[in-house]
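The structure under discussion appears below in the form of structure tokens.
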Amino acid sequence: MTANSEKTPQTAQTQRLRDARRVVIKVGSSLLVDFGAGHLDRAWLESLAVEIARLTGRGQQVAVVSSGAIALGRKYLGLAEDQRRLEQQQAAAAAGQVLLAHAYQELLGQHGVKVAQMLLTLGDTEDRRRYLNARSTLETLLGVGVVPVINENDSVATEEIRYGDNDRLAARVAAMCSADCLVLLSDVDGLFESDPAASPDAALIPIVHNITPDIESRAGASGTDYGSGGMITKIAAAKICMPAGCATVIANGLKSRPLAAIEEDAPCTWFLPSTTPSIARKRWIAGSLVPRGVLVIDAGAEQSLANGKSLLPVGIVRVEGRFERGDSVVLKNDAGNDLARGLVAYSSDEVSLIKGRRSADTEAALGYRGRDEVIHRDNLVLIGS
Ligand code: GLU
């Protein structure tokens, strides 16, 4: 297989980035930081800002997962090459993250694009309760057209509790916000049949439908260092995205206008999902989680659900079982019919306190102001739908 022989199917993929409603872009340290000098490559980030503004300008929602905090912070703090103890790296991340976030804010701000910083740890994407918090913050930011600039919270993360590479973090973020497309900007064109450094004639693999052991072995072969993870973590990222309905593209960020280049059919590697983000998410909510309880709802709430609305406290008649915020529950009507499944925003104790009340009255019952919905419609799947 050569890159050319797949030219036609590849062309069909160029629309994917243009058509994506929600895009996550992962930027590696090797693109953003001039390692010799240890400072931010402003010209590169300026050109990326133009591209991001082009995407947001045509109505697309964009989140950026950016590396670079540790490299920038090390230089800023004047750490020597051999000063790489955990606490020194954590301190570097704390210092460098400010520089990084500020640069994004300034350069995207020049195009009228607002940014917000989110620092995540492994637990924020793996633990369902924390996942729901992170997800709703992301949704809120994306919904108002702000670009979240995300990194791992390296100043508190230790080896046992960290991703360590932003490829997989970006994939979790893409799955978490049901993105249609994850762009992994790298310093090579994509995945090759064999190490392009060793064999310059090695062919690029333009499209991957399934990540087979053969594909994984190609990652090992193209083993030059592209950030901390190399191709192996990029394939791991694609593996997370594919079942979530999100397409992943590895592309060369060293080219000028790398996002436009993807749309213009530049060489890159696409990993294609077999489903859409919304179907994948519904499947996950409906099928993969063990329900921890039951909410019996009244006829008004049953009707609202059928109309695509969220479940409010006022429509809940009875609570059965013990569950925590983020758990999966079954919704039933009084006749005992299963109506839906969803992820709850409150524990069973809390729902018992607020059931039957209007959302405006829940603060008095709980002693704090929580969310209006017990299950947001994005976290709800009607049975049979
Ligand atoms: N989170 C790290 C940083 O900001 C980078 C991890 C990676 O390069 O994948 O420095």
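Would the chain count as rounded, prolate or oblate if I go by the C-alpha gyration tensor, calling it rounded below 1.5 in a/c and otherwise prolate when a/b exceeds b/c, oblate otherwise? Don't jump to the answer; show the numbers that get you there.
Values: a/c = 2.14, a/b = 1.60, b/c = 1.34.
Prolate shape, in that a/c is at least 1.5 and a/b is the bigger ratio.
Counting Lys and Arg as +1 and Asp and Glu as -1, each charge on the Cβ, what is the dipole of the chain about the Cα centre in debye, to the nearest 20?
About 1100 debye.
For the chain, just give the cysteines left without a disulfide-compatible partner, judged by no other Cys Cβ under 4.7 Å.
Lacking a cysteine Cβ partner under 4.7 Å: CYS177, CYS181, CYS268.
Fewest to most neighbouring Cβ within 10 Å: what's the order for TRP44, TRP270?
TRP44, TRP270
Would you mind telling me which residue in VAL115, VAL144, VAL351 has the biggest mean-square fluctuation in a Gaussian network model of the chain, where springs connect alpha carbons within a distance under 10 angstrom?
VAL144
Straight-line reach from LYS26: which lysines have Cα under 29 Å away, leaving out those fewer than 8 places along the same chain?
LYS7, LYS75, LYS114, LYS234, LYS239, LYS255, LYS282
Non-local amide H neighbours of VAL208 (under 5 Å, H modeled in plane, Pro and chain starts lacking H): which ones?
Residues meeting the amide H criterion: TRP270, PHE271, LEU272.
Looking at region 161-319 from every direction and averaging, what is the projected area of its Cα convex hull in nm²? Working shown, then result.
Values: hull surface 50.6 nm².
Its average projected convex-hull area is 12.6 nm².
Using per-residue counts of other Cβ atoms within 10 Å, averaged over each peptide, order 375-383, 181-189 from highest down. Working shown, then result.
On the way: 375-383: 19.4, 181-189: 25.3.
The densest-packed peptide leads the list: 181-189, 375-383.
Could you give me the ³J(HN,Hα) list for region 269-284, computed from phi with Karplus coefficients 6.51, -1.76, 1.60 and θ = phi - 60°, whole Hz, x at Gly and Pro?
10, 9, 10, 9, x, 9, 9, 9, x, 6, 5, 4, 5, 4, 4, 5
How high is the relative contact order of region 139-264, in percent, with contacts defined as C-alpha pairs under 8 Å that are six or more residues apart?
Rounded, it is 32 percent for region 139-264.
Rank by packing, highest mean first: peptides 298-311, 99-112, with packing defined as the count of other Cβ atoms within 10 Å averaged across residues.
Working: 298-311: 16.1, 99-112: 17.6.
Highest-to-lowest ranking by the protection proxy: 99-112, 298-311.
For region 307-385 and region 4-83, what is the centre-to-centre distance using only Cα atoms, to the nearest Å?
40
Skipping prolines and chain starts, which residues have an amide H placed within reach, meaning under 5 Å, of the one on ALA116, given they are 5 or more residues away or on another chain?
VAL147, VAL149
Quick check on the chain: helices-only [θ] at 222 nm, where DSSP H runs of length 4 and up contribute -39,500 (n - 2.57) each and the sum goes over total residues. Nearest 500, please.
Only helices count here, giving -11500 deg cm²/dmol.
Quick one: helix 128-143 against the long Cα principal axis of the chain, what's the angle to the nearest 10°, folded into 0 to 90?
Helix 128-143 and the main axis of the chain meet at about 70 degrees.
Counting only residues 5 or more places away or on other chains, whose amide H sits under 5 Å from the amide H of ILE383 once H atoms are built in the peptide plane?
Sorted by chain and number, the residues that satisfy this are ALA340, ARG341.
Under the Karplus relation 6.51 cos²θ - 1.76 cosθ + 1.60, θ = phi - 60°, what is the ordered set of whole-Hz ³J(HN,Hα) values for region 331-345, x standing for Gly and Pro?
9, 10, 8, 4, 7, x, 7, 6, 10, 7, 10, x, 9, 7, 8
For region 33-171, go through all pairs of different Cα atoms, get the mean of 1/r, take its inverse, and jot down that Kirkwood value in Å.
15.7 Å is the Kirkwood radius here.
Suppose we keep just the DSSP beta bridges with both residues in the chain; what percent of those would be antiparallel, to 5? Write out the running numbers ahead of the final one.
Numbers: 20 of 51 bridges.
Bridges in the chain are about 40 percent antiparallel.
With +1 on each Lys and Arg Cβ and -1 on each Asp and Glu Cβ, how big is the dipole of region 1-157 about its Cα centre, in debye rounded to the nearest 20? Show your work: numbers first, answer last.
Working: 18 positive and 16 negative charges, 114 e Å.
Its charge dipole is roughly 540 debye.
Any chance you could give the angle, 0 to 90 degrees and rounded to 10, that helix 230-241 forms with the longest Cα principal axis of the chain?
20
Of TRP284, SER304, VAL294, whose Cα points farthest to the positive end of the dipole of region 261-336 (charges on the beta-carbon: +1 Lys, Arg; -1 Asp, Glu; origin at the Cα centre)?
Value: VAL294.
Take every Cα-Cα pair in region 65-133 and report what % of them are more than 18 Å apart.
The answer is 51 percent, as a whole percent.
Rounded if a/c is under 1.5, else prolate if a/b is larger than b/c, else oblate: which is region 136-195, with a ≥ b ≥ c the root eigenvalues of its Cα gyration tensor?
Verdict is oblate for region 136-195.
With contacts defined as alpha carbon pairs under 8 Å and 6 or more residues apart, what's the relative contact order of region 173-217 in percent?
Relative contact order comes out at 24 percent.
Tell me, what HN-Hα J-couplings in whole Hz come from the Karplus equation 6.51 cos²θ - 1.76 cosθ + 1.60 at θ = phi - 60° for each residue of region 97-105, using x for Gly and Pro?
4, 5, 4, 5, 5, 5, 4, 4, 4
None of the figures in this text is laboratory data; all of them are computed from the coordinates on show. Computed from a predicted structure; not experimentally measured. In this analysis, Cβ positions are derived from the backbone assuming ideal geometry, glycine residues included, and neighbour counts consider all displayed protein chains.
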